[in-house]
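Encoded as structure tokens, the structure appears first; notes follow it.
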């Protein structure tokens, strides 16, 4: 759960109500929901390229310390409220799924 102040909680509630209303009125609610998700992800990923430049990949999983192939590397946000503007680390995006990677 992200920690939001009262102002931001009110903004989230306003947006939730607007989304509910838009989805009820839309001809294709699934398509509208997907488009809203795309817009939200685009906002969330702002600063990702700068974070990668600020914290370049060193070839290891920063959670386990084991070697990590670049195709399995994922930039993890350590401060969820700050997103990519906060602290980040490189981790294996597959390690928790199969256990066959670092």
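Since every read-out is calculated from the coordinates, none of them should be taken as a lab result. If you're wondering where the values come from, they're calculated on a predicted model, not measured in any experiment. Backbone-built Cβ (ideal geometry, glycine too); neighbour counts: all protein chains shown.
Structure above, values below:
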quantity	calculated
Per-pair calculated FRET efficiency, R0 = 25 Å: residue 53 and residue 5 via Cβ, rounded to 0.05	0.25
Helix-only [θ]222 nm of the chain, DSSP H runs n ≥ 4, -39500 (n - 2.57) each, per residue, nearest 500	-14000 deg cm²/dmol
Using alpha-carbon coordinates, inclination of helix 29-44 to the longest axis of the chain, degrees	50
Order of 41, 88 - criterion: other Cβ atoms within 10 Å of each residue's Cβ, fewest first	41, 88
The chain: radius of gyration and largest Cα-Cα distance (Dmax), Å	17.7, 51
Folded to 0 to 90 degrees: helix 6-25 orientation relative to the chain principal axis, Cα	60
